[in-house]
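Undergrad: I'd like to ask some things about the structure below.
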């Protein structure tokens, strides 16, 4: 009995040894095959991934250095850094995703089911976060195209104000009344930027119909040039003011457009000062516009205009003595009493 047991043990050990030897032989063969065929491929993939990542990092760092060297605008440099970070992160994700799949395939893993699962998951995530994706894509384009910067006065999504912050997802705009508007970038389809290059501010000055146009032009030209040369406004102008003459007739008023070409957002001070001086000058020269409803339609023997006020279904009034008429004063810029 003892001999039989010993024989059985020896036989088992021999069989186990043969099995382990076969396993070791197969493992050695697979290892040699992996080293000869697959390992070089994996090394090449790793080197390519590192080289591409390095190139991407050099490009984004170059973008930032150029912005810092030539931009001079802290806000613009910050935008370039944000854009460079997005490009770097997106590029690295794409590179390592492709290399990772190549690694798995080289190791004998079937990547087909993984790609299918990833595709389904991507569709689900895309549907759930499509607005977020739109916001970020549009935000990237806004930064890339430099459509506006922090501090610009813009009209976006029907709202006008000063841009306070910009991110890939949203833009915040401070309105003139202090209201802060938060606008998702996907809603920004049209941008009106008042802070680029220059502004053409048009002031429509209304005077009484009986005023001498040449005298009006002389007064407006003198006032506009005085404002242009005023020390606090001199640097705001990019060109001399333009007075275009009589542009239209509105009721009993002559409309004289005056155009100020100024630096971006610098038109408001000169406009206010010009309108103040014009108001005083028109009053001093008795040129304030009369009632907008007055219609000058007849002339007396002396050639002066006679005024009649008409309302619907009313007979024409009897001509009055023009020397006794006292026109109602109205705002020379709005035409309202």
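Undergrad: Name the one entry in 171, 162 that is within 21 Å of residue 236 (Cβ to Cβ) and part of a strand (DSSP E or B).
TA: Working: 171 fails: within 21 Å of residue 236 (Cβ to Cβ).
After applying the criteria, what remains is 162.
Undergrad: Another question, if that's okay. Which of (1) in contact with a strand residue (DSSP E or B) (Cβ under 8 Å, 6 or more places away or on another chain); (2) under 29 Å from residue 76 (Cβ atoms); (3) outside any loop (DSSP other than H, G, I, E, B); (4) in contact (Cβ under 8 Å) with a residue 40 or more places away in the chain does residue 203 not meet, given it meets every other one?
TA: (2)
Undergrad: Does residue 102 satisfy being surrounded by 13 or more Cβ atoms within 10 Å (Cβ to Cβ), assigned by TED's automatic domain parsing to the domain that holds residue 31 and in contact with a strand residue (DSSP E or B) (Cβ under 9 Å, 6 or more places away or on another chain)?
TA: Numbers: surrounded by 13 or more Cβ atoms within 10 Å (Cβ to Cβ): yes; assigned by TED's automatic domain parsing to the domain that holds residue 31: yes; in contact with a strand residue (DSSP E or B) (Cβ under 9 Å, 6 or more places away or on another chain): no.
When the stated conditions are applied, residue 102 does not pass them.
Undergrad: Go through (1) in contact with a helix residue (DSSP H, G or I) (Cβ under 7 Å, 6 or more places away or on another chain); (2) assigned by TED's automatic domain parsing to the domain that holds residue 269; (3) farther than 18 Å from residue 275 by Cβ and name the single condition residue 169 misses.
TA: Single failed check for residue 169: (2).
Undergrad: Okay, next question. Scan (1) loosely packed, with under 13 Cβ neighbours inside 10 Å; (2) modelled with pLDDT of 95 or more for the single condition residue 231 breaks and write down its number.
TA: (2)
Undergrad: Collect the residues in the stretch 125-158 that are surrounded by fewer than 16 Cβ atoms within 10 Å (Cβ to Cβ) and in a strand (DSSP E or B), keeping them in residue-number order.
TA: Result: 155, single match.
Undergrad: Going through 199, 110 one at a time, which residue ends up being out of contact with any helix residue (DSSP H, G or I) (no Cβ under 7 Å at 6 or more places or on another chain), on the phi < 0 side of the Ramachandran plot and surrounded by fewer than 12 Cβ atoms within 10 Å (Cβ to Cβ)? Break it down stepwise before answering.
TA: On the way: 199 fails: surrounded by fewer than 12 Cβ atoms within 10 Å (Cβ to Cβ).
After applying the criteria, what remains is 110.
Undergrad: Assuming residue 134 fulfils every condition listed in (1) touching a residue at least 40 places away in the same chain (Cβ under 8 Å); (2) closer than 27 Å to residue 50 by Cα; (3) within 18 Å of the chain's Cα centre (by Cα) apart from one, which condition is it?
TA: Residue 134 satisfies every listed condition except (2).
Undergrad: Looking at the stretch 231-261, which of its residues are farther than 12 Å from residue 203 by Cβ and either part of a loop (DSSP other than H, G, I, E, B) or touching a residue at least 60 places away in the same chain (Cβ under 8 Å) (or both)? Walk me through it before giving the result.
TA: Of the stretch 231-261, the ones farther than 12 Å from residue 203 by Cβ are 231-240, 245-246, 248-254, 261.
Hits for the stretch 231-261 are 235, 236, 238, 239, 240, 245, 246, 250, 251, 252, 253, 261.
Undergrad: Looking at 48, 75, 80, which is the one that is over 30 Å from residue 166 (Cα atoms) and either touching a helix residue (DSSP H, G or I) at 6+ places or on another chain (Cβ under 6 Å) or modelled with pLDDT of 65 or more (or both)? Before the answer, list the steps.
TA: On the way: 75 fails: over 30 Å from residue 166 (Cα atoms); 80 fails: over 30 Å from residue 166 (Cα atoms).
Selected residue: 48, the only one of 48, 75, 80 that is over 30 Å from residue 166 (Cα atoms) and either touching a helix residue (DSSP H, G or I) at 6+ places or on another chain (Cβ under 6 Å) or modelled with pLDDT of 65 or more (or both).
Undergrad: Would you check which residues across the stretch 265-282 are surrounded by fewer than 16 Cβ atoms within 10 Å (Cβ to Cβ) and at pLDDT 90 or above and list them? Break it down stepwise before answering.
TA: Residues of the stretch 265-282 surrounded by fewer than 16 Cβ atoms within 10 Å (Cβ to Cβ): 265, 268-269, 272, 276, 279-280.
Those that are surrounded by fewer than 16 Cβ atoms within 10 Å (Cβ to Cβ) and at pLDDT 90 or above: 268, 269, 272, 276, 279, 280.
Undergrad: Identify all residues within the stretch 165-179 that are more than 18 Å from residue 136 (Cα to Cα) and surrounded by 13 or more Cβ atoms within 10 Å (Cβ to Cβ); write none if there are none. Before you say what the answer is, go through the steps one by one.
TA: To start, the set of residues in the stretch 165-179 that are more than 18 Å from residue 136 (Cα to Cα) comprises 174-179.
174 - this is the single residue of the stretch 165-179 that is more than 18 Å from residue 136 (Cα to Cα) and surrounded by 13 or more Cβ atoms within 10 Å (Cβ to Cβ).
Undergrad: Next up: Based on this model, can you work out whether residue 169 counts as under 30 Å from the mean Cα position of the chain (by Cα) and at pLDDT 95 or above? Break it down stepwise before answering.
TA: Details: under 30 Å from the mean Cα position of the chain (by Cα): yes; at pLDDT 95 or above: no.
No: the conditions fail for residue 169.
Undergrad: Moving to a separate point now. Do we find a residue being modelled with pLDDT of 90 or more, crowded, with 17+ Cβ neighbours inside 10 Å and not assigned by TED's automatic domain parsing to the domain that holds residue 269 anywhere in the stretch 205-212?
TA: Looking through the stretch 205-212, none of the residues is modelled with pLDDT of 90 or more, crowded, with 17+ Cβ neighbours inside 10 Å and not assigned by TED's automatic domain parsing to the domain that holds residue 269.
The values are calculated or read from the model by the stated rules, or taken from the named source; none is laboratory data. Quantities reported herein were computed from a predicted structural model and do not represent experimental measurements. Don't worry about glycine lacking a Cβ; one is built from the backbone with ideal geometry, like all the others, and counts go over all protein chains shown.
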